[in-house]
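Working notes, structure below.
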Amino acid sequence: MLRETFNEVAELYDRARPRYPRSLVDELARVADLGPGSRVLEVALGTGQLTVPLAEFGCRITGVELGPAMAAMARRRLREFPLADVEVADFEQWRLPREPFDLVVCATAFHWLDPAVRVRKPADALHPGGRLAVVTTDHVAGGSTDFFAQAQRCYERWDPATPPGLRLQDQSDIATDTGELERGGRFENVVATRYLQDITYTADQYIDVLLTYSGHRALDEARRDGLLTCIRELIESRYDGCVTKRYLHELIVATRT
């Protein structure tokens, strides 16, 4: 399965993947009223990109992560937080504890969960009035936009699944999708907030980021090497060795009925 490929590169994933904007973390903590005594369940926490800043509020966190290497990295990053625990399990099969949670959160991984359970099970894990928070991440137009348009030639050459003429969308063209949380009567008061951040990468750093994406890892070695070499040469020859990528993060919070 593609979602299992992240476990192959846990250390690289931890080093290369962007952290979430502090304003997003603070808003999540405010809406969920996080503090000492709060019970938080994080689903598919990866190596702890969101877990660590949430743990700083003193809450009790249970993290469920499919990949053993990813979970091990998260535990190392959470050593200073004795109230944070990480379990290796498939969330869809994981047995919910009897005591309900105040917050269930899933950051940049909700799309990997089984649609049959990814709304129902978090609802079952929460007490009435508890919150489900979903964080999405998209790459949008901005930063080195011309580079990303030119890089499509590398993808069209080396990745046969690449649609021709693909271009980045402006953030205003990306619709917020809350319908799944609003249907079924388990959640109400769904609120979405958007955050932008620009991150500048050297050629090496950008290649590292690409090596953490499931689609790139799924390519056979020859195609992946050809693609990454093409992108590296473009960055180094035409962009002075650095490019800037714009991320759109969306925090979607729903209240358990």
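Quick notes
- Mean residue ellipticity (222 nm) of the chain, computed from DSSP H runs ≥ 4 via -39,500 (n - 2.57), nearest 500: -9500 deg cm²/dmol
- Shape category assigned to the chain from the gyration tensor of Cα positions, a/c cut at 1.5: prolate
- Alpha-carbon centroids, the range 30-71 and the range 211-236: separation in whole Å: 32 Å
- For the pair THR200 and GLU80, label points projected 7 Å from Cα toward Cβ lie 2.7 nm apart.
- Counted over the chain, the DSSP beta bridges are approximately 55% antiparallel.
- Other residues whose C-beta falls under 15 angstrom from the C-beta of ASP159 contribute a net charge of +1, scoring Lys and Arg +1 and Asp and Glu -1.
- Within-13-Å neighbourhood charge of LEU211 [Cβ basis; K, R +1; D, E -1]: -2
- Note on the range 91-155: dipole from Cβ charges, positive end direction compared against LEU126, ALA109, HIS139; the farthest Cα belongs to LEU126.
- Amide H contacts for PHE187 (H built 1.01 Å from N in the peptide plane; partners 5 or more residues away or on another chain; cut-off under 5 Å): THR257.
- For the chain, excluding the exposed loop sites themselves (trypsin sites (Lys or Arg not before Pro), DSSP loop, at most 15 other Cβ atoms within 10 Å), the longest remaining stretch covers 184-257.
- Phi-based couplings in Hz for the range 105-112 (Karplus 6.51, -1.76, 1.60; Gly and Pro marked x): 10, 9, 10, 6, 8, 4, 5, 7
- 3J(HN,Hα) from dihedral phi, the range 43-52, Karplus parametrisation 6.51/-1.76/1.60, rounded to Hz, x for glycine, proline: 9, 6, 6, x, 9, x, 4, 9, 4, 4
- Cα gyration tensor category, rounded, prolate or oblate, for the range 198-257 with a/c compared to 1.5: oblate
- Amide H contacts for ASP85 (H built 1.01 Å from N in the peptide plane; partners 5 or more residues away or on another chain; cut-off under 5 Å): ILE61, THR62, GLY63.
- Net length gained if the chain between GLU92 and ALA218 were fully extended (0.36 nm per residue, minus Cα distance): 43.0 nm
- Here the range 2-256 is assigned +1 on the Cβ of each Lys and Arg and -1 on the Cβ of each Asp and Glu. Its dipole about the Cα centre then comes out at about 380 debye.
- In order along the range 178-184, the Karplus-derived 3J(HN,Hα) couplings, from 6.51 cos²θ - 1.76 cosθ + 1.60 at θ = phi - 60°, round to 10, x, 5, 7, 7, 7, x Hz, and Gly and Pro are given as x.
FYI, it's all coordinate maths here, none of it is from the lab. Quick caveat: nothing in here was measured; it's all calculated off a predicted structure. Virtual Cβ from ideal backbone geometry, glycine too; neighbours counted across all protein chains shown.
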